[in-house]
Structures are given as C-alpha cells and as structure tokens.
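Every number here is computed from the coordinates shown, using simple stated rules; none is lab data. A quick note: this is a predicted structure, and the numbers were derived from the prediction, not measured. Please note: Cβ atoms are built from the backbone with ideal geometry, for glycine as well, and neighbour counts cover all protein chains shown.
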Amino acid sequence: MITVENLTKSFQGIPVLNGVSLDVQSGSVLGVVGPSGAGKSTLARCVALLERPDSGAIRVDGTDLTALGGTALRNARRQIGVVPQGDSLLRQRTAAGNIALPLESAGVPGPQRRSRVGELLDLVGLTDKAGSYPDQLSGGQRQRIAVARALAAGPSVLLADEPTSALDPETTGSVLTVLDRARAELGVTVLVVTHDMAVVRKICDDVAVLEEGRVVENGKLLDLIGDSNSRTASALLPAVDLNPVNESNFDRVADVVLVGFAAVGALLPEASHRFGVEVNLLGGGLTRLAETPVARFRLGITGERADSALEWISEAGGVVRRTLKGPQGVAA
Ligand SMILES: Nc1ncnc2c1ncn2[C@@H]1O[C@H](COP(=O)(O)OP(=O)(O)OP(=O)(O)O)[C@@H](O)[C@H]1O
C-alpha cells in the first residue's frame, strides 16, 4: 500500500505540490489525472524518490521513504518500478537486454536472469520479440517492454507516467492489459499518471484529480460516478442532454446513473412494472468501466406514481442525480 501524506514540493520557490495526501490500496490501480502542469509527474517522481519532496511522508507498505538514506533507501527504491514518460529503452540493447538491465545492476546471476526475463516477456506477450531492438518494435511494444523492465526486480509498486501518450487506441489497449496483468497476476500496486480518460475507464480502481498541486477529487471510481459534482463522472459517463426534450410531455424528468449488470439490465423495467409508470429514455446511454456496465440516462416518466418509482430506483441502488422536473427532493 502507498500512503502519501501532506506532500509539498517547490521548484525555485514556486510551489508545485501543495499538501497532497493519497492512499493507494495494495493490488489496486490509482489514476492520477489533471491538466498539464498540475504536478502529476512531480508527484510520481516524488513517490519514486527520484525527486525529494520538501515535506510530507511517502509510506510504502508502512515504511516512510522520505526518512531513509544510504542502503535502506536503495533497497526501498527496488520496491518501486518506474515506467518513465516517453521512449525510455536503450536503443543498442535488445528487448530482452533492456528487461535484463535492472537484474544486471542487482547482480542477479545469468541463468536466473534469463529465466526471469523469459517470464516477463511472457507476461507482456512479447516472447517472440526477445531479440528485437527498440527500432524494430512498435510504440506499444516498446512500452510493454518498458513495463517488463520496471517489473524485473519484483517491485511491490509500479509507477507509470503517461504510459499511453502518443499511442492509438488499439495499442493503448495492449499496454493497459499489461498494467492490469501486473496488478492481477503479480499483486503489484499501480499508480498511473495520465491525460487519457480511456486509461481511467479501463484499468483504474481509484482516481485522484490534481489541480495546481492539490487533490481536488479523490475516491473509488465507482463511487465518484454517482456524485453529480464529480469531474471524473462528467468525463466518463455518456452525455444526457444532446437532444432537446419537451418536459411538458412527462410527469417527471430525471437523470439517473445505474451501476452493474443487475441495475443496468433490470431496474428501469422493474420500476415501470411495480409502479405502473411509463419510463422513457430521453438521453444518455451505456458505457463500461473496466468490466462493469454503467448507464447514465435522462428519463421522462409518466404516471401518477412517478415519484415513488424514482424513490424506488434510488433505494434499489440507482443514483437519481438530478430531478429536472418535479420536486427537487425526490430520491436525490
Ligand atoms: N525539475 C523541475 N524544475 C523546475 N520546474 C519543474 C521541474 N519539474 C516540474 N517543474 C514544473 O512543475 C510544474 C508541474 O509539472 P509536472 O510535470 O509535475 O506537471 P504535470 O501535471 O505532470 O504536467 P504534464 O501533464 O504536462 O506532464 C510545471 O510548472 C513544471 O514546469
């Protein structure tokens, strides 16, 4: 587990991190998002101790890294694998040679090294590229090798800074699959800095939004999407208001968010049946967050028991985010 407590960092007197606190649970993936210059990379570099914070603590599995020096610090750094921003492979080394680098630095003997490199090539799905040089690989393949290299020494934490920038969506998918496998198969805790909400959508359990060096939003992705003020929710959920709606045709108009197979598949027909109301979908749609189906709909409801239907949807786990027509208090 990674705990960041009240981290501050300035460059030439200009504050870049202003008291950042975060938790990343073991074996989970945290996405750090936010506008350019918000301090995301600086945060990741501080967590990796590539940059010394001015104050605050960074605990990895309980040990405060900022308090360490010398050998203890070097050992602690081995617990943290880093996938740097941009192309970071050595051009003159093969894919296998790049992955072997941290093992060579750690003095791992040849046979063990070869076996470990083989495992990692398998993990990232590039066994057949062992002997290829970076220039012979695609951008996505190079990134997968960079992930394998970061995992070589068996870290408990993986930091990836913009691992999918400049990749097309299909290639992005292959890199994300590798990060997800690192978490699922090796139990590694992952912190990924990204501009790309597709990364959040596909692999993140938690999200932290950074702005001007402060965390302005933080939480479990599936909790945030039910919050009507969440920026993460607005970025990830289908838009509900693309079509103009004549509200006078309905007794109630409301926006709802449904999470999970059961809710998405059954709640609205069930509400309609139980309360004898007609439920019309006026906008919005379905999406997926990792494996979880999520829907945001604008509903137009007609029938005497429209309010009861909305209340029931809310009690049954749907989030009635906004009632556009009808009592504002309904189930909100
Ligand atoms: N080593 C450094 N020396 C001086 N200023 C720095 C240094 N590293 C970062 N900064 C400054 O700190 C601020 C935050 O930079 P950082 O790279 O952490 O932001 P970011 O959110 O990752 O941005 P981007 O998404 O564009 O990569 C920027 O104004 C940047 O110029």
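What's the extension gain from D168 to T3 if we count 0.36 nm per residue and subtract their Cα-Cα distance?
56.1 nm
Pop the C-beta distance of Q136 and N229 into the FRET formula with R0 = 45 Å and round what comes out to the nearest 0.05. Don't skip to the answer; put the middle values down first.
Working: r = 48 Å, r/R0 = 1.07.
Efficiency computed from Cβ-Cβ geometry: 0.40.
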Site A290, offset 7 angstrom along Cα→Cβ, radius 14 Å on amide nitrogen, limited to the stretch 169-203, gives 177-192, 199-203
With the Cα gyration tensor of the stretch 1-88 giving a ≥ b ≥ c as the square roots of its eigenvalues, does the rule (a/c under 1.5 for rounded; else a/b larger than b/c for prolate; else oblate) give rounded, prolate or oblate? rounded
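On a full-extension model of 0.36 nm per residue, what is the gain between N243 and E104, subtracting their alpha-carbon distance, rounded to one decimal in nm?
On the way: separation 139, 0.36 × 139 = 50.04 nm, distance 6.00 nm.
Fully extending the segment from N243 to E104 adds 44.0 nm.
State, as an integer percentage, the relative contact order of the chain based on alpha-carbon contacts under 8 Å between residues 6 or more apart. Please list the in-between numbers first.
Numbers: 673 pairs, mean separation 58.3, N = 332.
That works out to 18 percent.
Please report, in whole Å³, the volume per residue of the convex hull around the C-alpha atoms of the chain. Write out the running numbers ahead of the final one.
Details: hull volume 50.6 nm³, N = 332.
It comes to 152 Å³ per residue, whole-number rounded.
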Helix 139-151 vs. the chain, principal-axis angle (Cα, 0 to 90°, nearest 10): 70 degrees
Given an 8 Å cut-off on Cα distances and at least 6 residues of separation, report the relative contact order of the stretch 237-325 as a percent. 44 percent
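Are there trypsin sites (Lys or Arg not before Pro) in the stretch 1-101 that DSSP marks as loop and that have at most 12 other Cβ atoms within 10 Å, and which are they?
Details: sites: K9, K40, R45, R59, R74, R77, R78, R91, R93; in loops: R91, R93.
Counting only loop positions with at most 12 other Cβ atoms within 10 Å, the trypsin sites (Lys or Arg not before Pro) in the stretch 1-101 are R91.
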Computed E for D128/R78 - FRET, C-beta separation, R0 25 angstrom, nearest 0.05: 0.30
Lysine pair number, Cα distance threshold 20 Å (strictly under), the stretch 2-233, separation 8 or more or different chains: 4
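Report the relative contact order of the stretch 178-305, percent, no decimals, based on alpha-carbon pairs under 8 angstrom and at least 6 residues apart.
Values: 186 pairs, mean separation 29.9, N = 128.
The normalised contact order for the stretch 178-305 reaches 23 percent.
So between A67 and A262, what do we pick up on full extension, going 0.36 nm a residue minus the alpha carbon distance? Could you put the intermediate results ahead of the total?
Working: separation 195, 0.36 × 195 = 70.20 nm, distance 4.80 nm.
Going from the current span to full extension adds 65.4 nm.
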In whole angstrom, how far apart do the alpha carbon centroids of the stretch 242-261 and the stretch 84-102 sit? 52 Å
With unit charges on the beta carbon (Lys/Arg positive, Asp/Glu negative), name the residue among G34, P293, S230 whose Cα is farthest towards the positive pole of the charge dipole of the chain. G34
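What 222 nm value per residue comes from the helices of the chain, counting each DSSP H run with n ≥ 4 as -39,500 (n - 2.57) and dividing by all residues, nearest 500 deg cm²/dmol?
On the way: 11 runs with 115 residues, N = 332.
One gets -10500 deg cm²/dmol as the mean residue ellipticity at 222 nm.
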10 Å Cβ shell holding at most 13 others, DSSP loop, GluC sites (Glu not before Pro): longest site-free stretch of the chain: 1-290
By average C-beta atoms within 10 angstrom, highest first, the peptides 61-72, 248-259: 248-259, 61-72
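Of the peptides 15-26, 172-183, how do they stack up when ordered by the mean number of other Cβ atoms within 10 Å, highest first? Let's see the in-between values first.
Numbers: 15-26: 18.2, 172-183: 20.2.
Order by mean packing, descending: 172-183, 15-26.
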Please figure out what share of the DSSP beta bridges in the chain is antiparallel and state it in percent, rounded to the nearest 5. 75 percent
